Amino acid sequence: MFILLSLFYYFYFSIVGIYIIFLPKILSGVGYDASEIGIIFAASPLIRFILPFLFMRGLHLNATIFKASLFIVVASVFSFYFSLEHFYALLLSNIFLGLGMSLMLPFVEVVSLHTIGKERYGKVRLFGSLGFIAVALVLVKFLSSAYIAFDFLLILALLTAFMAYKVLHAAPETSYKKSKNVINDIQIFKDWKLWGGLVLVQMSFGSFYNFFTIYETDRGVSLNMTVYLWSFGVLIEVLMFFFQGKLLRGNLLNLLRFTALATVVRWFLVFAFSQNLPILFFSQALHALSFALFHTAAISYLFHLYKNKSLSQQFFFGITYGFGGLSGALIAGYVYEYYPKYLFLTSSLMAFGAFLLFMSVKQKRV
């Protein structure tokens, strides 16, 4: 199961790598303007945000829905070949890709935590980071047209679907089948401090994911050096995923507090020392805490906090990466247009708000 999960994450996040790194450039190259690209890329987090509420209304993330998500991902990627030059068709393709990917990952996350546990989770998840790096380094050598990227995307979608199917059949049914006695015990408004903190951390990443390259190159850092900063952060992330097991045996809420505070420091350093390379590399090293350790601590905390484990993962990805990612990107765009100097100071303040909320969450045994 460890090997199957590792391969799934490798291929899944290779798709994410192509989508994040290359697709915006491809769309710009074929004539889409910034607002159209923004709308297209808002489709996926919006779908991710909506999905958990559908599950609250009676939809269940079971084996049948999971298998349907595999077909949706492959079909939506295939449709890119025909929709590239048609805005609404491409928007629809992205909506379905977001739907399929948003159904697929939480299901596998639950299987992972059930079958290998939170201590070993990082060692399989790090293969996703390796896939992200590998596809970036390989595809950049071959990207002569949009359709080359689509060829890579389709092959990886097929491999991801195949590995996901193998994971489904290798996993014990008890690792994903919802018990008839399990009720929906997730109360967003009752636990608003916890969920608010999770959202604010992800919102703070809006500046980083969407504007870090522009921000640094505008301040005189070369594009090559900025790419090295990106790569260094991901490599440190891989190391954290590998060695984080012992840390996760401790108090998970305290880990959320600590990683949120590390995120505050990280964004403040980028704001205050935007041209100081040693400090920028140190800030990227904090990616190990602000993303890798935070992510695992968050999904592990929710996994043990709530009885409805599948829905808790749906809400984590939907509310934090969906709503948090969407709103963070929009806020970052507005700030960078009118107050570019304070872009990462804004992110630091968001992360500080998350830290304060986590500090006010009452400790529960998980």
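Quick note on the range 1-77: its Rg to Rh ratio, both from C-alpha atoms and Rh being the Kirkwood radius, is 1.04. In summary, the convex hull built on the alpha carbon positions of the range 241-366 has an orientation-averaged projected area of 8.4 nm². Note on Trp192 and Leu223: with the Förster distance fixed at 30 Å, the Cβ-Cβ geometry gives a FRET efficiency of about 0.15. Annotation note: trypsin sites (Lys or Arg not before Pro) in the range 182-222 located in DSSP loop regions with a Cβ neighbour count of at most 10 within 10 Å are Lys190. Taking the chain as a Gaussian network of alpha-carbon nodes connected by springs under 10 Å, the highest mean-square fluctuation of the residues Leu229, Leu137, Leu286 belongs to Leu137. In terms of distances greater than 29 angstrom between alpha carbons, the cross-link table entries Lys193/Lys309; Lys67/Lys307; Lys141/Lys166; Lys118/Lys193; Lys25/Lys309 yield Lys141/Lys166; Lys25/Lys309.
A helix-only calculation puts the chain at -25000 deg cm²/dmol for mean residue ellipticity at 222 nm, using -39500 (n - 2.57) for each DSSP H run of at least four residues, averaged over all residues. Each part reduced to its alpha carbon centroid, the range 1-80 and the range 124-155 end up 15 Å apart.
For the chain, the spread of Cα positions along the three principal axes, ordered from largest to smallest, is 58, 48, 34 Å. Largest mean-square fluctuation among Ser300, Ser222, Ser348, in a Gaussian network model of the chain whose springs join Cα atoms under 10 Å apart, belongs to Ser222. Rg over Rh for the range 2-175 works out to 0.97, using Cα positions for both radii and the Kirkwood form for Rh.
Taken together, the values in this text are just the output of simple stated rules run on the coordinates, not laboratory data. Since the structure is predicted, the reported quantities are computational estimates derived from the model, not experimental observations. Neighbour counts are summed over all protein chains in view; Cβ atoms, including those assigned to glycine, are modelled from backbone coordinates with ideal geometry.
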